[in-house]
Amino acid sequence: MNSVVFLSVDCLRADHLGCYNYERPTSPNIDDFANSATIYKHGYANCPGTRWAFQSLHTGVYTHQIDGLGIPDRYTPLAALFSNAEYATGGFAVNAFVSREYNYNRGFDTFYSVSEATGTKPIIKRIGKKISDKVDNERLDECVLKPVNNILRNQSTGDSNEYKPSHTDKDSVDQALHFIEQQQTADNEFFCWVHFMDAHTPYGYWPKHLEAIRGNSSIEHTIQPGEEGKIAVGENPPKDVIDTYDACIRSVDEQIGRVLSAIDENTTVILTGDHGEEFGQYNDFHSASLYSSMTQVPIIVRTPSIPTGIVETPVQHLDLPPTMLTAAGISVPDHFEGVSLQTINRTSTDPIFFSLGKNQIAVRKGIYKYIEENGSTELYRVPHSGQETDSVLNENKEIAEKLQKLIEDHRQRQSIGEGKLELSKGQDDLSDEIEKNLEDLGYL
């Protein structure tokens, strides 16, 4: 048995980290950690969006096997498996999609999420929402409630060199470090999950990180690039948007460094992004898709049973739950779809599947990637860690048919029916705190 720390970062592209050959100093602490860990060069999010990715990361199955959001009752989530093995468990994730309202607290002795992080500002905002819900007065909403909410949010137009989110990763890490210290003092083995949000909009303004990234902090700061109209599909994003994003990654990195400093080298650590980020290459800003901008994520693992270095073997999110359990000496459930990285023998031509629900699904096998989305199909010739450019469907119909058959078999194996995995119901009711958090993050 040994303790396990799972570090997930919202919106983290692998190609914006130094250990994945990015030229800017976005990630000094992560890079230092990677030097004593295993860097999986080709890491993939099977379900590249927060609401879907964590369903897979906590249940070990694809998101299209779950109807709705959250953790269904029929699955025993990762934290509960650790808890059943007498591990102390702590989860620290201030994102509505992974809150207790969606059952992500199941199995955690300590759980710090949206409701725990809610302070005065969100309370006042919720009061405004209550008034707005009860008083059908558009002028009241436009002239009073929205301006007050904008002041509380410290933004009115979206550009502000003073803006800081009401909650930052430092707050989550403060809570996580308290949990870790308690377990270390009691000599308990523990499972700790920390989800980092500073690289997600609304972007905070971090002068010292901008200074490190670009040599000065003088910038037209962007908070919500999508809402501000700064991202256009098919065009390169403005430099100030990338500068801001990189500075926010460095803010995440600073807090990750605090966690890493608190644990010893025998603690298993797994670091990944829940998905990448879309800056207009394929879609509107932050749009979920099955393209490389969203599916390619860092996967870095430090555990005694895996040699350090750079590994070319393609790996996926679904491999991480069994890897964490194996590191702790806990049996891996039979229904898990991934393979423990301690025993993986996947080749570069073995298929990897992606999905965003039942109508968006893709498979990559070798250098080909086939995408089905709401009735349309695309085929790309793209190496691992490459970018999709022009579809080669018309000149490679036979390859497309073979990949389509892989998807059909994949769907059939997991379809509803006798002897198959039943579709599980997620959660759909939202509290005021959850609605407000989703609004702040740009989802409502």
Worksheet, complete the sentence: Selection over region 246-275 where residues are assigned to a loop (DSSP other than H, G, I, E, B) and surrounded by fewer than 24 Cβ atoms within 10 Å (Cβ to Cβ) yields a count of 6
Worksheet item: How many residues are farther than 20 Å from residue 95 by Cβ, of a type in the set (Asp, Glu) and crowded, with 19+ Cβ neighbours inside 10 Å when one looks only at region 1-39?
Response: 0
Fill in: Unique residue being more than 30 Å from residue 165 (Cα to Cα), at pLDDT 95 or above, acidic (Asp, Glu) and part of a loop (DSSP other than H, G, I, E, B) when the list is 422, 388, 398
388
Response to the item:
Scanning region 199-229 residue by residue, those part of a loop (DSSP other than H, G, I, E, B), surrounded by fewer than 20 Cβ atoms within 10 Å (Cβ to Cβ), modelled with pLDDT of 90 or more and in contact with a Ser or Thr (Cβ under 8 Å, 6 or more places away or on another chain) turn out to be 224, 226, 228
Item to complete: Go through the residues of region 373-392 one by one and say whether even a single one is crowded, with 19+ Cβ neighbours inside 10 Å, in contact with a helix residue (DSSP H, G or I) (Cβ under 8 Å, 6 or more places away or on another chain) and under 20 Å from residue 61 (Cα atoms).
Response: no
Discussion item. Out of everything in region 13-34 that is part of a loop (DSSP other than H, G, I, E, B) and in contact with a Ser or Thr (Cβ under 8 Å, 6 or more places away or on another chain), what residue ends up being nearest to residue 387 (Cα to Cα)?
Written reply: 13
Worksheet entry | Selection status of residue 90, at pLDDT 95 or above, of a type outside the set (A, V, I, L, M, F, W, C) and touching a strand residue (DSSP E or B) at 6+ places or on another chain (Cβ under 9 Å) | yes
Practice prompt. Look at residue 187 and say whether it is over 26 Å from residue 34 (Cβ atoms), among the acidic types (Asp, Glu), modelled with pLDDT of 95 or more and out of contact with any helix residue (DSSP H, G or I) (no Cβ under 8 Å at 6 or more places or on another chain).
Written response: yes
Discussion item. Take residue 111 and tell me if it is part of a strand (DSSP E or B), in contact with a strand residue (DSSP E or B) (Cβ under 6 Å, 6 or more places away or on another chain) and modelled with pLDDT of 90 or more.
Written reply: yes
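The values are calculated or read from the model by the stated rules, or taken from the named source; none is laboratory data. What you see is a predicted model; the values in this text were computed from it and never measured. Note that we place each Cβ from the backbone using ideal geometry, even for glycine, and neighbour counts take in every protein chain shown.
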